[in-house]
Structures are given as structure tokens and as C-alpha cells.
Amino acid sequence: MIPACSNATGPALLSGSLARKAPDPQAVELGELQALRYPNFKAGNEGELRVYVAPVTGAVATVACALPDEAVGKFVADCDRIAASLQLRRGEPIPLGPDESYERKLDKAIATLNKSTKGRAAALRKADTAAGQAQAATALQAAYRKAARSLRGATDNPQVSNGAIVAALTGLANAYGRLATAARAEDEAAYGAARGRIRDGEKRVKAALKAV
């Protein structure tokens, strides 16, 4: 049995590669902790893993039991019993499920962002001079930076992929910064490349928000 803490985020409480191949979890209690149990993780030649993940402030408490193929039934009950004895040395338990406090913060930040970018995006589309394009792009850069800053540290609940949202907003802000720089330099190639970065950045922001 291997107890540990991980920095995974998202509702599956697993890192990206593991989350993609994980079986459906079961909600269980490990003492004072609410946890997800993944009962049938395939571990190659090592047989199956029985994995437990519990959200705590700033991390995911993780327990994994190796279950050899020839003795799975024998070890399952012992694994569950030992996992249920898990005790935290730091952090606080977090209930499974939506983080309503964070969702309110996110809704407010995105509403403010949408309000501030609507006119500026229109101004960028209408700008017919390099100076106008640079001014509008700089304003959009500032708006996305402000949104990212307002969400940084907004929650310590690992069930929420807040870091991905902040990173996506920051990336889009940087793309608008590149657009402003290209406009000032009247560099058409760099301007086109920056527009491509903006399109990619918008997709990343949408994907990150959809994952909440």
C-alpha cells in the first residue's frame, strides 16, 4: 500500500494521463475524508491497482494498493480497511462535489472579462491603422491579465482546475501582447502569427472553462 499526496486537479482527482484511462470511480469515506475509489486500475505486469483519492486543501491525498492477479480477492478487504485508517498530517478535508464558492468567483471574473473585452474586440476588428490595432490589442491584453490575476489563488480545492484557467487566460493575454507589438512594428508576418496564437488561446480558455 502506497500513501502519498499529488498535485492533480480536476474532478477525477488524477493526473491527466491517469484520468484518461481510469475506470469509473466509487464515492467512499476514508475516516474523515470523502474519497473516490478506482477499483480496477490495470498496472501492466504488476496486476491491478486499487486507488483511492481524496481532496484536501491544496493537494490530493492518494492511496494505492497493488493487487496481484493471483490473490486479488484476498487483498481487497485488507486494502479497504487500511485505506480507511488514513489520517491527515496537514491540510483539511474537502467534500466531494462542486465548489460553489469558487464557481461564484469564476462567474464574476468571466462576466467582468466579457464586459470589458466586448467593445475592445470590436475596436480591434474596426481598427484600420497600426496605432489603432496596437491600442486595442494592448487593452485586450490588460483585460485578460486582470481576469487571470483575479482568479489566481481563488481556491485550494483540487477538484477545480483553476490553474488551467489562469494559465489559459495568461496565455491569451500574452498573445494579444504579441499582436500589439507586431502592430507597432507594422510586421505583417508577426501580426498574422499572433492572430493564430489568439485563436489557439481562445480555444484553450473555452476548454478550461468547460472542464469546471
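The values are calculated or read from the model by the stated rules, or taken from the named source; none is laboratory data. Not measured: the values here are computed from a predicted model. Positions of Cβ are backbone-derived with ideal geometry, glycine not excepted, and every protein chain shown enters the neighbour counts.
Of all residues in the stretch 80-115, those satisfying the criterion of being of a type in the set (Ser, Thr, Tyr) and either touching a strand residue (DSSP E or B) at 6+ places or on another chain (Cβ under 9 Å) or surrounded by fewer than 17 Cβ atoms within 10 Å (Cβ to Cβ) (or both) are SER85, SER101, THR112. Reported count of residues in the stretch 80-131, each being over 30 Å from TYR52 (Cβ atoms) and β-branched (Val, Ile, Thr), is 4. Within the stretch 151-181, the residues that satisfy the criterion of being in a loop (DSSP other than H, G, I, E, B) and among the charged types (D, E, K, R) are ARG152, ASP156. Against the test of being touching a residue at least 40 places away in the same chain (Cβ under 8 Å), assigned to a helix (DSSP H, G or I) and more than 17 Å from VAL53 (Cβ to Cβ), the options ALA134, ALA142, ALA148 yield a single qualifying residue, ALA134. Within the stretch 21-29, can one find any residue that is closer than 17 Å to ALA84 by Cβ, modelled with pLDDT under 90 and in a strand (DSSP E or B)? No, the stretch 21-29 contains no residue that is closer than 17 Å to ALA84 by Cβ, modelled with pLDDT under 90 and in a strand (DSSP E or B). Just to be sure before I move on: is SER116 of a type in the set (Ser, Thr, Tyr) and either over 30 Å from LYS206 (Cβ atoms) or not assigned by TED's automatic domain parsing to the domain that holds SER161 (or both) in the structure I sent? Here the answer is no, as SER116 does not meet what is asked.
Among the residues of this structure, ARG125 does not count as one that is outside the structural domain of ALA27 (by TED's automatic domain parsing), buried (at least 18 other Cβ atoms within 10 Å of the Cβ), at pLDDT 90 or above and more than 24 Å from the chain's Cα centre (by Cα). For the condition in a strand (DSSP E or B) and surrounded by 15 or more Cβ atoms within 10 Å (Cβ to Cβ), ALA12 does not qualify. Could you please let me know if LEU67 is farther than 30 Å from LEU140 by Cβ, at pLDDT 85 or above and not assigned by TED's automatic domain parsing to the domain that holds LEU169? Answer is no for this residue. With respect to the conditions (1) within 10 Å of ALA83 (Cα to Cα); (2) outside any strand (DSSP E or B), LEU18 lacks only one, and its number is (1).
Look at the stretch 97-109: where a residue is free of Cβ contacts under 8 Å to residues at least 60 places away in the same chain and a partner is part of a loop (DSSP other than H, G, I, E, B) and surrounded by 12 or more Cβ atoms within 10 Å (Cβ to Cβ), sitting 6+ places away or on another chain with Cβ atoms under 6 Å, you get LYS105/ALA154.
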